[in-house]
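For reference, the structure is listed below as C-alpha cells.
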Amino acid sequence: MLSVLFVEIRKLNRSLALLLALAAPCLIGIFAFFNVGRFDEAGPWDRWLTTSVGLWAFFMLPMSVTALTALVAQMEHAPRSWDHLRSLPVPRWRVYAAKLAGVLGLVVLMSVLNLAVTYAAVELAATLKPAIRPTGQPDVAATSLLLAKVLIAAMLMIAIQFWAAMRFASFVPALALGIGGTFFAVAATSAKQGVFFPWQMAVNVMGEGWRHDTALALGGGLGTLALIAAVIHLSRREVL
Amino acid sequence: MHAIETRDLTRRFGSRVAVDTVSMTVPQGAVYGFLGRNGAGKTTTLKMLLGLLKPTAGVACVAGVDVARARLAAARQTGALLEAHGLYANLTGRENLDLTRSLLGLPRAEVDRVLEVVEMTADAARRVGGYSLGMRQRLGLARAMLGAPPVLILDEPTNGLDPDGIADMRRFLKTLTERTGATVLLSSHLLGEIEQTATHVGILSEGRLVLEGELSRLKADLAPEIGLRIDDAGRARAVLETHDLTFADQSDGLTLRLRPGQDHEAVTARINRDLVLAGVAVFALAPRARSLEGIYRAVTAAPQAESQGTS
C-alpha cells in the first residue's frame, strides 16, 4: 500500500493540484494581511486566526476541495491512464485508496498552510503598521483543533466530491456539484436544514451545541463510510 | 501451454455483441497480428485479456491463467501498451517509468534497461509534455516491457504516428521478440503493418474471429495469382479456357488465379507457351503471392455480404 501511496505523491510533482494546494491558503493569507491592515487599533490574535478558519470553512475549503479532487482525477482521466493503472498487478482498491489518501493529505496540507500563512500575514501587517500588532499570544493549539474539526466535518463533502470527480471522465459534473453545493451553503447559511447539508458541515462545526455536534458526527461518521463506499464502488466498476 | 488462449470469449454491451464466441490461440514466441477494422472488437478482446472488462461468457487465459478468476496472477505475466498511452505530461519520461516500476516492485536499474531497449535514454530527463507522439509510443512500449513480462499486448501501437514514427515503431516491433523473448499480441487495422511484423494472424470481423493461423502458411495455402499483360484479353481467355484457372479482367490485361497446391512455375510456363503459340502478344507475365490484404478481403467479405443481405 505504501508504494502505491508514494507513487500518488510523486505524481503531484509539478502538477496543478499541488499548485492549487499551495495557492488557496495564500489567498486567505493575502486577505488576512489587508483585513488586519485596514484597522487602526490592535485586536486579539484569536480574532484573526478564527476569521481565517471561518473563511476557510465557509467558502475556500469547499471550493478548494471541488477543484482539487477534479484536478487529481483529471491527472488520470485526461491521459486516459486508468486502463494502464487498472491493468497492473496491483489490487484496484489500493489505487483508489491511495488517491483518496493523497487528496486528504493535500487538504491537511492546505489546513496547516492556512494557519501558517495567516500567522505570517498578520505578523507582516503588524511589522509594517506597529499600531495594529495583535494583543495576546496566538493560540496555535486551539486553532489547530478547530481546523481539525473543520476537516472532520468536511469529510462527507470531500467523499461526495472525490466520488464524482473519479467517477466521471469529464470534470463538469464534479465542478457543477461543488459550485452548486458551495452556493447553497453560502446562500442558506442560517437555514435549519443546513445542519444536514454536507457543504455546510465544515462551517457548522465552528458554532456550538447541536449544530456543532451534528456536523462532527454526520460529517465525520457518514463521511468516512462514504469514502470507503466510494473506494469500493470505483475499484469494482468497469471503466469503458 | 499457449501464451494466450480464449475459448468462446463473448462480450455484450446491452443488446450489442462486441465480441462473439472468439476462440483464439497465440503460441509462445509468436508475434500475433490481431486484425480487424475499427469497431470489429479488437480492443474489447484485449481489454478482457487485461482484466479491464469482464467477459459475458467464455474464458480468457494468459500464460495459462484465467484472467477473470486470477487477474493479479495474469497481470504479472502481461505488459500492455494501450491505445491511450496514459503518460503523465507533468513528469519526465524516466519519472513516468519509475512510477510503474515502483508499483511493480522492480529494481531501479530496470528503468535504464527498458529505456535502452527503446533508445530513449537521451530523452528520459525531458518532460513527457514535450515529447512527440512517436516518443510517447516508444515510452509506452518501454513501460510495457518493465519487468520483462512474457506476454506483451500492444493495441494499435502505430496509431496517429507520422511515416517516420511508423517506420521507427515497425523496426522496434520486428525485433521485439528477439530482444525480449516475449510473445507479442499486436492489434492493428493496418494490414501492411501486420504483414511486415507478424508471424501469426487472427482476423476479427464484426466481433467474430473469421481466420487464424501462421501467416506464411495462410499465404501458401491460398492460391497465388498470375498477372498478365497481353494485346487481346478475349483471345487469351479463349486460349486459356482449357487450363484449370479462374479469371479476373483488369484494365490492362488479366489476372489468373491458380488452385491451391498447383505448381505455379509450371503453370506460368505453360500459359506463356500456349499464348505465344496462339499468336497472343505477351508483354508481361508475373506470378505473385497473395498478400495479407487479399486474405483479409476474402475472409471479411462473407460476413459483410451476409449482414448486408439480412439488413
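The values are calculated or read from the model by the stated rules, or taken from the named source; none is laboratory data. These numbers were taken from a predicted model, which means no experiment stands behind them. When we count neighbours, we look across all protein chains shown, and the Cβ atoms used for this are built from the backbone with ideal geometry, even at glycine.
Quick check, is A:GLN193 buried (at least 17 other Cβ atoms within 10 Å of the Cβ) and of a type outside the set (A, V, I, L, M)? Taking the combined requirement at face value, the residue does not satisfy it. When the range A:128-148 is filtered for residues that are assigned to a helix (DSSP H, G or I) and not polar (S, T, N, Q), the ones remaining, listed by number, are A:LEU128, A:PRO130, A:ALA131, A:ILE132, A:VAL140, A:ALA141, A:ALA142, A:LEU145, A:LEU146, A:LEU147, A:ALA148. Only one of the numbered conditions (1) free of Cβ contacts under 8 Å to residues at least 40 places away in the same chain; (2) over 30 Å from B:ALA125 (Cβ atoms); (3) under 24 Å from the mean Cα position of the chain (by Cα); (4) surrounded by fewer than 24 Cβ atoms within 10 Å (Cβ to Cβ) is not met by B:LEU72, and that is (3).
Kindly indicate whether B:LEU152 is over 27 Å from A:SER15 (Cα atoms), at pLDDT 90 or above and either of a type outside the set (Phe, Trp, Tyr) or in contact with a helix residue (DSSP H, G or I) (Cβ under 8 Å, 6 or more places away or on another chain) (or both). Considered against the rule, which asks whether it is over 27 Å from A:SER15 (Cα atoms), at pLDDT 90 or above and either of a type outside the set (Phe, Trp, Tyr) or in contact with a helix residue (DSSP H, G or I) (Cβ under 8 Å, 6 or more places away or on another chain) (or both), B:LEU152 comes out as yes.
Scanning the range A:170-197 for residues that are farther than 14 Å from A:PHE58 by Cβ and not aliphatic (A, V, I, L, M) yields A:SER170, A:PHE171, A:PRO173, A:GLY178, A:GLY180, A:LYS192, A:GLN193, A:PHE196. Give me a count of the residues in the range A:72-84 that are more than 7 Å from chain B (Cβ to nearest Cβ) and over 26 Å from the mean Cα position of the chain (by Cα). Residues in the range A:72-84 being more than 7 Å from chain B (Cβ to nearest Cβ) and over 26 Å from the mean Cα position of the chain (by Cα): 0 in total.
Of all residues in the range B:82-104, exactly one satisfies the criterion of being in contact with a strand residue (DSSP E or B) (Cβ under 6 Å, 6 or more places away or on another chain) and within 7 Å of chain A (Cβ to nearest Cβ), namely B:LEU82.
Among all residues of the range A:114-124, there is none that is under 28 Å from B:ARG101 (Cα atoms) and either within 14 Å of chain B (Cβ to nearest Cβ) or more than 12 Å from the chain's Cα centre (by Cα) (or both).
Among the candidates A:LEU49, A:LEU2, A:LEU18, the residue that is touching a Leu at 6+ places or on another chain (Cβ under 8 Å) and within 14 Å of chain B (Cβ to nearest Cβ) is uniquely A:LEU18.
Away from chain A (no Cβ under 11 Å), crowded, with 21+ Cβ neighbours inside 10 Å and out of contact with any Phe, Trp or Tyr (no Cβ under 7 Å at 6 or more places or on another chain), is that true of B:ALA30? Criteria met by B:ALA30. If you go through the range B:78-90 and keep only what is surrounded by fewer than 21 Cβ atoms within 10 Å (Cβ to Cβ) and either part of a helix (DSSP H, G or I) or of a type outside the set (Asp, Glu) (or both), you end up with B:ALA84, B:ALA89, B:ASN90. Scanning the range B:91-105 for residues that are under 17 Å from A:ARG94 (Cβ atoms), in contact (Cβ under 8 Å) with a residue 40 or more places away in the chain and not charged (D, E, K, R), we see that the one that is surrounded by the most Cβ atoms within 10 Å (Cβ to Cβ) is B:THR100.
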